[in-house]
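Some notes on the structure that comes next.
The values are calculated or read from the model by the stated rules, or taken from the named source; none is laboratory data. Remember, predicted model here, so these are calculated numbers, not experimental data. Here the Cβ positions follow ideal geometry from the backbone for every residue, glycine too, while neighbour counts run over all protein chains shown. Just so you know, the surface numbers come from the protein's heavy atoms only, side chains and all, with ligands and any DNA or RNA stripped out. Shrake-Rupley method; radii C 1.70, N 1.55, O 1.52, S 1.80 Å.
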Amino acid sequence: MTEPSQPVLSIRHAHKRFGAIHALQDVSLDAWPGEVLALLGDNGAGKSTLVKCISGLHALDEGEIHLHGRPVTLASPTAARAAGIETVYQDLALFDNLSPAQNFYAGRELSYPAWLPRPLRFLDKAAMRKTAAEVIDRLQVRLPHPDAPVAMMSGGQRQAIAVARATVFARNIVLLDEPTAALGLREARKVLELIARLRAEGNAVILITHNMDHVTELADRAVVLRQGRKVGDLKPDQSSRQDLVSLIVGGEA
Amino acid sequence: MARQTENGLGTTNLAQSAQGPKGDATTRLALRLLSAGPLLILVLLVLGIAAVTPAFAKPINLGNILAQTSVIAIVAMGQQLVILTRGIDLSVGSNLALCTVVGGLAYQATGGTLPVVLAMLATGALVGAVNGLVYVHGRLPHPFIITLATLSICRGLALALAPGHTTMRGMPDPIAALGSQTVLGLPLGVLVVVLVAGLLLVMTRMMVVGRWITAVGGNPQAALGMGIPVKGVLVAVYVISGLCAGIGAVVLAGRTDAASPVYGQLLELDTIAAVIIGGASFLGGRGHLGHALIGAVLIGVIRNALNLHNVEVFYQMVAIGLIIVLAVEADVLRSHLEARARVQQARGTA
Ligand SMILES: Nc1ncnc2c1ncn2[C@@H]1O[C@H](COP(=O)(O)OP(=O)(O)OP(=O)(O)O)[C@@H](O)[C@H]1O
Ligand SMILES: [Mg+2]
């Protein structure tokens, strides 16, 4: 089991530049198993950039990422996912033209025979459909047409599929970039339930959101970024809510 | 990005008309009808033309249609994969001409059959590889420009390489047999279509690479995020398209018993039209081999029927153009219906 005295993920002195923009400046943070860590900050604060660095889409310019105390390089999304890091991207990385089961396994299709190069292997469709159906069932996601392309599904169903996909494969860390943006109350609630379940299953969950209600309800800890710098790390509750808001918008100025 | 706007528009426009599970079933039925549309139209067209034009339904004429359609069909299947990944391959016609010329030269040099076939296929695949590699590694925003460039380059090379810059008569007997021989009443060239379709069907429906091609077409950004080797997939798609042009070259050279630098003119437009008319989305992401095949046969049937009625070629072009407009409108309607289905899903589920 994971040693409780050690964070699953720690970021040490991370820097990321896009040309003149210093999107991350000396950001350090820890994520613990069974904890929802809210990552807060105004638009352009660098939240998505940080998530993309952890999920292997961007490389850090400086700084280190440690998994279970060991330094790692997450050079590609594949490498990050092999390390047990699952991401639900802000722009919802679903394939409209694929069914939920096909979406679950996109990029890591179950296939055979193993001696063939991966692209030339044959799809094990039955196994993929079965696992996907089990997960959708376990998470109680309601999908009246489970084999239809996800293009036909509502925003909430799509988000639920994206989060469910993460639950199938996550072994350590789940990153969620604004998973409830653009959702109605009822559908957002469903997604929050899924997040709570991820935490209950022992994952370290990093949740980006602009919704302070969701933060106080769900998050165990909150890290605030402002213009690429970490400006706060505290426990969110009703009493600290105002502090969080001022940290986000830079209220002391 | 496009999905976002479409989503928003659909939601406001269609919210009133969406009504629970009954509306849901209607929407799904309409979508199913829409996707069966091209095949339905083909069947009705064939029956209708056969009723008014006795010469049409004669086995010889039907065989002719298939033979004349075979080159478009083969090349359109490659084009379909390219369009599925949100691209376009404008070079297929010139590529095909270059393939026949290189094959013709190989015949003059060796007198064998195998060298001719290999030369044509290799040339096609090579041009496809150039398209794909320059597209992904030159970081071009769209493959339009590079395939426009190779359209010009291949035609120029074909003309330059052909002795006397003109048609070279004669192909080895086994290749010429593609035009002259029949099996079970079908021209041999048609069997090549079936063979290529079979291979591509296995690749697209049963193999990992096929799923990746669909995924890249559906959402290239997400494909990157999911660790799919997007660049490799795109290069593969253009190589397959080039290879299809090479196979088309073998069939055309066989049927005409000649190689020519002027073959395949406007083939890029015919194949794109076939894919769109067949029912694939011109925006990418949606489409399968059947669309290319149905579209190719539809074009062949319409041309043949108008020929039988002595309608001038210009009007044939007008007719094909009108059908393209119809097909594109059907695609727009489809995305509206999908937006409606999304609203109905949001209302229907707790
Ligand atoms: N690929 C990129 N190239 C150049 N600049 C980028 C890139 N990605 C992000 N940036 C810049 O980095 C900064 C941080 O962006 P980021 O997307 O991380 O913000 P965010 O905190 O996720 O904001 P939001 O709440 O709007 O999603 C912004 O100034 C943005 O313009
Ligand atoms: Mg963001």
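When the alpha carbon gyration tensor of the range A:131-253 is reduced to an equivalent ellipsoid, the three semi-axes, largest first, read 30, 15, 12 Å.
Pairs of alpha carbons in the protein assembly as shown separated by more than 34 Å make up 50% of all such pairs. Against the main long axis of the alpha-carbon atoms of chain B, helix B:208-218 sits at an angle near 60°.
At a probe radius of 1.4 angstrom, the accessible area of the range B:36-334 per residue rounds to 42 square angstrom. Among A:W32, A:W115, the sequence by solvent-accessible area, most first, with a 1.4 Å probe is A:W115, A:W32. Under a 5 Å amide H cut-off, with hydrogens placed 1.01 Å from N, B:T85 pairs with B:G285 among residues at least 5 apart or on other chains.
Buried surface between chains A and B: roughly 3300 Å² of accessible area, summed over both sides, computed with a 1.4 Å probe on protein heavy atoms only. Rolling a 1.4 Å probe across all protein chains gives A:R186 an accessible area of roughly 130 Å². Calculated [222 nm] ellipticity per residue, helices only, for chain A: -9500 deg cm²/dmol; basis is -39500 (n - 2.57) per DSSP H run with n ≥ 4, divided by all residues, nearest 500. Residue-wise HN-Hα couplings along the range A:238-246, as the Karplus relation 6.51 cos²θ - 1.76 cosθ + 1.60 with θ = phi - 60° gives them from phi, are 4, 6, 8, 4, 5, 4, 4, 4, 5 Hz; Gly and Pro carry x.
Relative to the longest principal axis of the Cα atoms of chain A, the long axis of helix A:185-200 makes an angle of roughly 90 degrees.
Orientation-averaged projection of chain B equals 20.0 nm² [convex hull of Cα atoms, one quarter of hull surface area].
Ranking of B:M203, A:M153 by solvent-accessible surface, largest first: B:M203, A:M153 (1.4 Å probe, protein heavy atoms only, all chains present).
Other protein chain C-beta atoms within 10 Å of residue C-beta, averaged over B:224-234: 5. The listed residues A:E178, A:E62, B:E329, once ranked by accessible area (1.4 Å probe) with the largest placed first, stand as B:E329, A:E62, A:E178. In terms of distances greater than 32 angstrom between alpha carbons, the cross-link table entries A:K16/A:K235; A:K235/B:K231; A:K47/A:K130; A:K16/A:K190; A:K52/A:K130 yield A:K235/B:K231; A:K47/A:K130; A:K16/A:K190. Using a probe of 1.4 Å on the protein chains alone, the accessible area found for B:L33 is around 100 Å².
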